[in-house]
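Before any comments, here is the structure.
We did not get these values from a lab; they are worked out from the coordinates using the rules stated. Just so we're clear, the structure is a prediction, and the values are computed from it rather than from any experiment. Neighbour counts are summed over all protein chains in view; Cβ atoms, including those assigned to glycine, are modelled from backbone coordinates with ideal geometry.
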Amino acid sequence: MPSPFIDASLPLRKNCGDLNTFSTLPGEASGRRQKRVAQWLITGVVMIIIQTLLGGVTRLTGSGLSITEWDVVTGALPPLNHDAWVKEFARYQQSPQYHYLNSDFTLSDFKSIFFWEWFHRLWARLIGFVFAIPFIYFLVKRYFSREMVMPLVALFVLGALQGAVGWIMVKSGLTGDAIYVRPTKLAIHFVLAMILACYVLWFALQLLIPATEKVYRPVLRNLYILTFLVLLLQLVYGALMAGNKAATAAATWPTINGSWIPGGMGEAASGHPLLENKITIHFIHRSIAYLLALLVFLSAFIAYRKRAWSKAFVRYRWQPATLVLLQVILGICTVLTSVSIVPNRWGIFETLAELHQLIAMFLMMALVVQLYLLGGRRQAA
């Protein structure tokens, strides 16, 4: 599955002599070797995107707390017989979510939520294999330069950190009177996944797009850096919206329950209102969305206003504006359809919420491409 942000028709760079991490492939490696490494990295990006979507499905179906233990090896297989299913269900019956929310669940109901959490964890294991096995092969075959190795090792550290944060997140919903994971931990888990995807994509771009396609426009680059940081904050609040189930708190648009600035935003039954108050989170999420759209459209205006761009930049400069427009529309529709939520049933709201998350990821990847292409150097006079 190719990346939606990289044109496969672009020629692979014949050498990487001007790159930072991918400085030189041993022995001036052929285009075939370079293509294999690039395909490996893009495959990793796609798998991370799929994994994040699976995480969304897990959350929307209420499946995230169905597996109460973290068995790295044996957990790769689901229960294989009736007795094993009964034992697994008995573990879930000890959780607060079962006692307070799903006490009417049968074994059949449990199997339906168990699947998504198990598949989410299985996909994470597959990502580990997809990264590790080719990495070892490329390392043995000396596809990598010395400068490439440590940054790629850092990729595995980030992946392991993401897995650990995922388990910490799950544990936060298995104690006390919690029936869902802590929204703040969900936000950390989600944003770390996006940082990991961007990290991998950046390496792939260095192999896929020649340095000659980069342009030097510091003002526009700085604007895109600001936009990227705003998007990161928006992703945090998108996760807080999801974790606090805040969409239903104001299923109206353009106002929030009839007000542009709703009351009660400084209050919180527990925790900080910026992290726990549903209306506050809703207001901030919408406000950041408008700011983000403004920044992206301003960047697009600047990009279209000038003609002295590389072919690659011209090809990709439309993507952020198109994606942010689609993202805003999906966000509005998601909020408006939140009144149709039926517990333990997939509907239009859940579908729109997944699409909203997917486009957010595409938007982040598009901004990474823009930042890479705007990383050119000033031409000597």
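A helix-only calculation puts the chain at -21500 deg cm²/dmol for mean residue ellipticity at 222 nm, using -39500 (n - 2.57) for each DSSP H run of at least four residues, averaged over all residues. Only Lys, Arg, Asp and Glu carry charge here, each on its Cβ (+1 for the first two, -1 for the last two); on that basis the chain has a dipole of about 1860 debye about its Cα centre. Under 5 Å from the amide H of G375 lie the amide H atoms of V215, each residue being 5 or more positions distant or on a separate chain, with H modelled from the backbone and absent for Pro and chain starts.
Beyond 13 Å, the tail of the calculated P(r) for region 93-138 holds 67 percent of the Cα pairs.
Which ordering of Y216, Y180, Y224 is given by a fewest-first count of other beta-carbon atoms within 10 Å?
Values: Y216 12, Y180 19, Y224 23.
In order of increasing Cβ crowding within 10 Å: Y216, Y180, Y224.
The alpha-carbon atoms of the chain, seen along their principal axes, cover 72, 54, 31 angstrom, with the largest extent given first. The 3J(HN,Hα) values that the Karplus relation (6.51, -1.76, 1.60; θ = phi - 60°) gives for region 151-162 are, in residue order, x, 6, 4, 4, 4, 5, 5, 4, x, 5, 4, 5 Hz. Gly and Pro appear as x. Any idea how far the Cα center of region 196-260 sits from the one of region 289-348, in Å? Region 196-260 and region 289-348 have Cα centres spaced 10 Å from each other. Using the alpha-carbon positions of region 271-364, Rg (one decimal) and Dmax (whole number) come out as 16.7, 54 Å.
Peptide packing for 158-166, 331-339 was compared via the average number of neighbouring C-beta atoms within 10 Å per residue; ordered from the highest value, the list is 331-339, 158-166.
Of the residues W260, W118, W202, the one with the fewest other Cβ atoms within 10 Å heads the list, and the complete ranking is W260, W202, W118. Angle of helix 31-60 to the longest C-alpha principal axis of the chain, folded into 0 to 90 degrees and rounded to 10: 20°.
When every Cα-Cα distance of region 38-194 is counted in 10 angstrom steps from zero, the calculated P(r) takes the values 10, 37, 30, 15, 7, 1 percent. The C-alpha radius of gyration of region 211-381, expressed as a fraction of 2.2 N^0.38 Å, stands at 1.19.
Axis of helix 278-305 versus longest Cα principal axis of the chain: the two differ by about 20°, to the nearest ten degrees. Taking 0.36 nm per residue of sequence separation and removing the Cα-Cα distance, the R142/S310 pair yields an extension gain of 57.2 nm. Remark: region 213-224, residue by residue, has Karplus-estimated 3J(HN,Hα) of 8, 6, 10, 10, 9, x, 5, 5, 4, 4, 5, 5 Hz, where x stands for each Gly or Pro and the curve is 6.51 cos²θ - 1.76 cosθ + 1.60 at θ = phi - 60°.
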